[in-house]
Amino acid sequence: MKKHKIAILGAGPAGLSAALQLKRQGQQPLLLEGKRPGGLLLNANLVENYPGFPDGISGPDLVEKFLNQVDRWGVEITHRKVRSLDFKENHFTIQTEQDMFQSEMVIVATGTEPKVFRDVPIPEEAAELVFSEVFPIQHVKGKAILIIGAGDAALDYALNLADENQVMILNRSRKRKGLELLWERVQKVTSIRYYDRHVVRSIQYTDSHSMEIGAVAEGEEQTFNCDFLIPAIGRTPALDFLSPSLKDEVESLSGLGRIFFIGDVKNREFRQTAIAVGDGLKAAMKIDQIREGG
């Protein structure tokens with residue numbers, strides 16, 4: 001079993017920031033990432049509130065800059081999906097799909113996972129056409145894409161995909177939760193159509209390798225045909241890998257500076273790149289203080 005002083009779970013903006021600062025402080029953290037570095041930032045159409053980019057920057061471009069920076073400092077990303085995290089005998093045990101690690105301290109930067117769309121069943125044949133993020137289909141062209149939801153993510157996803165595709169947004173209520181700025185931009189794009197008070201009632205797979213979405217709007221039935229479906233109905237902290245015993249000890253271990261939760265995994269509605277980066281920096285600096293103090 002490989003032993004480490006500090007382990008970081010997740011290589012999104014928060015985890016990368018923590019790893020970079022720890023390297024600057026002379027530490028050699030273990031950085032684990034189960035998917036792709038960058039997290040949800042890879043889905044962002046345009047990041048306009050991250051300092052240093054007056055004209056804004058796309059999420060993937062900002063991720064590339066993050067990765068170039070941590071690579072320059074020799075930060076290594078170990079591609080492993082964490083299956084469980086436990087704390088026993090004064091150390092953390094991290095079980096991945098391939099192997100096991102031990103660590104004295106852990107930074108949890110695992111972000112969020114999508115809420116499961118449960119309104120209607122999704123046919124098994126259509127599963128490969130349903131996505132929780134825009135990144136996997138970011139470069140498709142000439143497709144019809146239906147997005148369920150009207151929050152920031154849904155509106156941003158629509159703007160991200162609308163250049164080369166036809167996008168439909170279905171909102172089950174009259175109220176929109178998304179930023180007014182994003183809504184104003186959506187209204188200006190002719191390839192995006194918005195429908196409020198539309199409740200999805202059925203999803204059917206078609207012979208043409210697409211889907212037929214049945215919805216009801218004020219008692220009237222309507223059908224939408226799409227090549228891809230994106231339910232953007234919210235996200236929850238990705239913490240299902242915590243062992244039951246660790247969950248009971250999280251508060252005390254956090255107070256002792258043994259475990260830190262940073263970024264989207266703890267920030268709820270304040271899921272912003274700048275906040276996540278600040279979280280990572282702060283956690284690394286706290287760890288340096290703790291280690292200096294014994």
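Every number here is computed from the coordinates shown, using simple stated rules; none is lab data. It should be emphasised that the depicted structure is a prediction, and the values quoted were computed from it without experimental measurement. Virtual Cβ from ideal backbone geometry, glycine too; neighbours counted across all protein chains shown.
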### Query
Which value in nm describes the separation of the simple spin-label points at residue 68 and residue 99, placed 7 Å from the Cα toward the beta carbon?
3.1 nm
### Summary
What one gets for the chain as the Kirkwood radius, inverse of mean 1/r over different Cα pairs in Å, is 20.6 Å
### Task
Set the Förster radius R0 to 30 Å, insert the Cβ-Cβ distance between residue 240 and residue 89 as r into 1/(1 + (r/R0)^6), and round the FRET efficiency to 0.05.
0.80
### Task
Mind jotting down the distance between the C-alpha centroids of the range 19-41 and the range 78-103, whole Å?
16 Å
### Task
Return the distance in nm (one decimal) between the two label points of a simple spin-label model at residue 125 and residue 53, each offset 7 Å from Cα along Cα→Cβ.
4.1 nm
## Note on the structure
A correct Stokes-Einstein calculation for the range 135-247, using the alpha-carbon Kirkwood radius, 20 °C and 1.002 mPa s, returns a whole-number D in µm² s⁻¹ of 141 µm²/s
### Summary
Helix-only [θ] at 222 nm, the chain, -39500 (n - 2.57) per DSSP H run of 4+, per residue, nearest 500, equals -8500 deg cm²/dmol
## Note on the structure
So the angle from the long Cα axis of helix 13-24 to the longest Cα principal axis of the chain, reported in degrees to the nearest 10, equals 20 degrees
### Query
Which whole-number percent is the relative contact order of the range 124-231 (Cα, under 8 Å, 6+ apart)?
32 percent
### Message
Can you compute the FRET efficiency between residue 217 and residue 270 using 1/(1 + (r/R0)^6), with r the Cβ-Cβ distance and R0 = 30 Å? Round to the nearest 0.05.
### Response
0.35
### the chain, relative contact order in percent, only Cα pairs under 8 angstrom and at least six apart counted
23 percent
### Task
Counting only DSSP beta bridges with both residues in the chain, tell me the antiparallel percent, nearest 5.
45 percent
## Note on the structure
The local net charge around residue 33, scoring Lys/Arg +1 and Asp/Glu -1 for residues other than residue 33 whose Cβ lies under 10 Å from its Cβ, equals +4
### Message
In the chain, once you exclude exposed chymotrypsin sites (Phe, Trp or Tyr not before Pro) (DSSP loop, at most 12 other Cβ within 10 angstrom), what's the longest stretch remaining?
### Response
74-269
#### Entry: Low-density loop positions, trypsin sites (Lys or Arg not before Pro), the range 219-294 - DSSP coil, at most 16 other Cβ in 10 Å
268
### Task
Give, as a single signed number, the net charge of other residues whose beta carbon lies under 9 Å from the beta carbon of residue 226, with Lys and Arg counted +1 and Asp and Glu -1.
-1
### Message
Report the gain in length on full extension from residue 175 to residue 81: 0.36 nm times residue separation, minus Cα-Cα distance, nm rounded to one decimal.
### Response
30.1 nm
### Task
For the range 74-136, state which GluC sites (Glu not before Pro) are in a DSSP loop and have at most 15 other beta carbons lying within 10 Å of their beta carbon.
76, 89, 97
#### Entry: Loop GluC sites (Glu not before Pro), the range 188-294 (other Cβ atoms within 10 Å of the site Cβ: 15 or fewer; DSSP)
218, 269
### For q = 0.21, 0.24 Å⁻¹, Debye-computed log10 I/I(0) when each Cα of the range 49-110 counts as one equal scatterer
-0.92, -1.03
### Query
Just how far, in whole angstrom, is the range 169-232 from the range 264-294 if you go by their alpha carbon centroids?
37 Å
### Query
Hey, what's the per residue convex hull volume over the C-alpha atoms of the range 77-173, in cubic angstrom?
178 Å³
### Message
Could you identify which residue out of 262, 107, 203 has the top mean-square fluctuation in a GNM of the chain using Cα springs shorter than 10 Å?
### Response
203
### Message
Running a GNM on the chain with Cα contacts under 10 Å, which residue among 150, 232, 274 ends up with the highest mean-square fluctuation?
### Response
274
### Message
Strictly over 27 Å apart at the Cα level, which of 3/35; 5/88; 88/286; 65/188 would you flag in this model?
### Response
65/188
#### Entry: Partners for residue 175 among aspartates and glutamates (Cα-Cα distance below 16 Å; same-chain residues under 8 apart left out)
152, 184, 196, 218
